[in-house]
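Please read the structure below before turning to the comments.
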Amino acid sequence: MKAISRVEGRAYPVGLKNIDTDVIIPAVWLKTISRAGLGKGAFESLRAVPGNVFDDPEYAGAPILIAGDNFGCGSSREHAAWAMADLGISAVIAPSFSDIFSGNAFKNGLLAIVLPQAAIDRLMEVARTYDIHIDLETQTVTTPFQDRFEFEIDPFRKHCLINGVDEIGLTLKSSDAISVYEAKLSADRPWLAPNPV
Amino acid sequence: MSTPQTLYEKIWNAHVVEQRDDGTCLIFIDRHLVHEVTSPQAFEGLRAAGRRVRRPDLTLAVPDHNLPTTARLDSHGQPIPIADPESAQQLEALERNAPEFGIKYINATDAKQGIVHVVGPEQGFSLPGTTIVCGDSHTACHGGLGALAFGIGTSEVEHVLATQTLQLTRSKSMEVRVEGELRAGVSAKDVVLHITGVLGAAGGSGHVIEYTGSVIRALSVEGRLTISNMAIEHGARAGLVAPDDTTFAYIKGRPMAPSGANWDAAVAYWRTLATDPGATYDKVVSIDAADIAPSVTWGTSPEDVLPITGIVPDPSAFADPSKQEAARKSLDYMGLTPGTRMTDIEVQNIFIGSCTNSRIEDLRAAAEILKGRKKAANVKWAIVVPGSGLVKQQAEDEGLDRIFTDAGFEWREPGCSACLGMNPDKVPAGERCASTSNRNFVGRQGPGARTHLVSPAMAAAAAVAGKLTDVRALAN
Ligand code: SF4
């Protein structure tokens, strides 16, 4: 995972609630065996609407997206995070995220930042004309004005994001503990071994 | 005496390999289901890092999402190639990756093939008290057996393949208690649609839900799978139903399930799993069975649920301004006007299938309504897609296929089909579909497709009437 500690730039002011994974990347785009190139299909149905923010030159290349409640609900497709990354987005700010999406975002170094609705409303306003600044180290979102919003993040996730930690590598360091668990499991619950079919 | 625990806490505690100071746990995964769409990049990652699959014996791969549901073998018994090159490539990747990493693979022409969430329980691979993951959000389905089952992304698929564990933090717990007796014409699907309407699409966020109460206890395992399947549609991480004698009777004798002395040991363990008296949940929601009617969705979020006797809502009637906005967009997409009676909405397509409703009891319920009837002339496309080859065989043995084809339905090969617009089965833009699947999102069944989620019996009734219909008017 690539390290990330700061994101600065324009933000797509989307604002909608319940933006589901089929909106982020429709199923027809999932027939790929690679992680790259999904930006083309990102937010397809929103982009079909004339005057949408994604095709507005004002926001070209914006690294941030602002959304409403329950962002990323729906499917477990990590393609949603890949598509957003491919579009050049490094952070999403919303009042809440679906559990699976925020996990997928984290694994791909995409910041999923939770702020209260009042902060979202203010950022939506600022985003129309100004840059937004996110600092993971200090856990703040700031604007060129006096706005300063603090956000929570799990300390382990913060550490992994800032240092670009390979999570599998990290878990593999616990291989011995896993082996001990497995040995105990086959003694305690031998019936767990599936009958071969 | 030890502190009373919930079913969720018991399963969680039994799977902790290690706990970090911040509370994050390394959780052991007992069962991993793999399909073609969310796995290629995970196998690619393993290959790039020179890693192997730690426990291929706990992993089962089966293709479902991409597979066309038309005939798979030609008249000489040879496999028919898949026309779409990208789908074919994804399926070939799984066919290659499974043996390369030593994983058991059920191929597209095997009678055991089907939708991952139908195959797992059917084969006895999914068991109570286990942790089950799959790169698919409807993995919650297996919770109907009393397993802690949830969907994961591709990076986590890779993590589980390499380590047989996941780094997780404990979710909060919620009890959704459904008490009373279901009214005539009300099925498990109506119960879960109703729950989703009550909780909202994000109501279960951050929680694992245990469904309890007399209604859940009285349901068959298949009905419980239908309920738990849609836990994700009210935002929950996972759904659970405590395993009981109904569960054990369902599992006994299934090919991959424990047998002999192992069976007795397993049942003895499973009996200890139910939530202890006095254990508490972070949140409790009570639902009265008498309030549940045959249900249908009107919008583009699964929370947009109404009884079939309802009328399309007026967006300005919602208290929350962002919901008003969402409802306006939904109605625009769905081509509906506030005040329209749900029973006046014509449908052109019927889909009976998906991991929510493609098991034998679902097909029986639909066939019961269709027996001796025909689909209405305005219904252009009506398909039944059994959840697995074994469900298909069973239905054919019972003569259900004939009832469907006589009624004007197509009888297909197993797969995800029109549940998601990925394989050739799609609903045309601007047309409506009464669908037994689980998501009515914009474009879910194909670009511009308009989905109304219903139970199998309600889908059958809609086929006969050519519009959304109260199944109680047609019950045999
Ligand atoms: S049937 Fe639908 S919901 Fe179920 S696994 Fe397939 S695509 Fe997902």
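The values are calculated or read from the model by the stated rules, or taken from the named source; none is laboratory data. These figures come from a predicted structure and were not determined experimentally. Cβ atoms come from the backbone with ideal geometry, glycine included; neighbour counts cover every protein chain shown. The area values use the complete protein model at the heavy-atom level, side chains included, leaving out ligands, DNA and RNA. Shrake-Rupley method; radii C 1.70, N 1.55, O 1.52, S 1.80 Å.
Filtering segment A:140-163 down to residues that are open to solvent by 40 Å² or more (accessible area, probe 1.4 Å) and touching a Phe, Trp or Tyr at 6+ places or on another chain (Cβ under 7 Å), which residue is modelled with the highest pLDDT?
A:P144
In this structure, is B:R328 touching a helix residue (DSSP H, G or I) at 6+ places or on another chain (Cβ under 7 Å) and not assigned by TED's automatic domain parsing to the domain that holds B:S137?
Taking the combined requirement at face value, the residue satisfies it.
Mind checking which residues of segment B:379-409 are assigned to a strand (DSSP E or B), within 22 Å of the chain's Cα centre (by Cα) and away from the ligand (no atom under 16 Å from the Cβ)?
B:A382
May I ask you to list the residues in segment B:427-448 that are more than 9 Å from every other protein chain (Cβ to nearest Cβ) and within 14 Å of the ligand (Cβ to nearest atom)?
B:V427, B:C433, B:S435, B:T436, B:S437, B:N438, B:N440, B:Q445
Does at least one position in segment B:463-473 carry a residue that is more than 15 Å from the ligand (Cβ to nearest atom), open to solvent by 50 Å² or more (accessible area, probe 1.4 Å), within 29 Å of B:A326 (Cβ to Cβ) and touching an Asp or Glu at 6+ places or on another chain (Cβ under 7 Å)?
Taking every residue of segment B:463-473 in turn, at least one turns out to be more than 15 Å from the ligand (Cβ to nearest atom), open to solvent by 50 Å² or more (accessible area, probe 1.4 Å), within 29 Å of B:A326 (Cβ to Cβ) and touching an Asp or Glu at 6+ places or on another chain (Cβ under 7 Å).
Conditions first: (1) more than 11 Å from chain A (Cβ to nearest Cβ); (2) touching a helix residue (DSSP H, G or I) at 6+ places or on another chain (Cβ under 6 Å); (3) part of a loop (DSSP other than H, G, I, E, B). B:V37 passes all but one, so which condition is the exception?
(1)
Residue-by-condition table, conditions (1) away from the ligand (no atom under 16 Å from the Cβ); (2) open to solvent by less than 60 Å² (accessible area, probe 1.4 Å):
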site: B:T24; (1), (2): yes, yes
site: B:H35; (1), (2): no, yes
site: B:T38; (1), (2): no, yes
site: B:E100; (1), (2): yes, no
site: B:T109; (1), (2): yes, no
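Being open to solvent by 60 Å² or more (accessible area, probe 1.4 Å) and either within 16 Å of the ligand (Cβ to nearest atom) or outside any loop (DSSP other than H, G, I, E, B) (or both) is the filter here, so list the residues in segment B:45-65 that pass it.
Across segment B:45-65, the qualifying residues are B:R47, B:A48, B:D57.
Could you tell me whether segment B:399-416 includes any residue that is of a type in the set (K, R), in contact with a helix residue (DSSP H, G or I) (Cβ under 7 Å, 6 or more places away or on another chain) and not assigned by TED's automatic domain parsing to the domain that holds B:H194?
no
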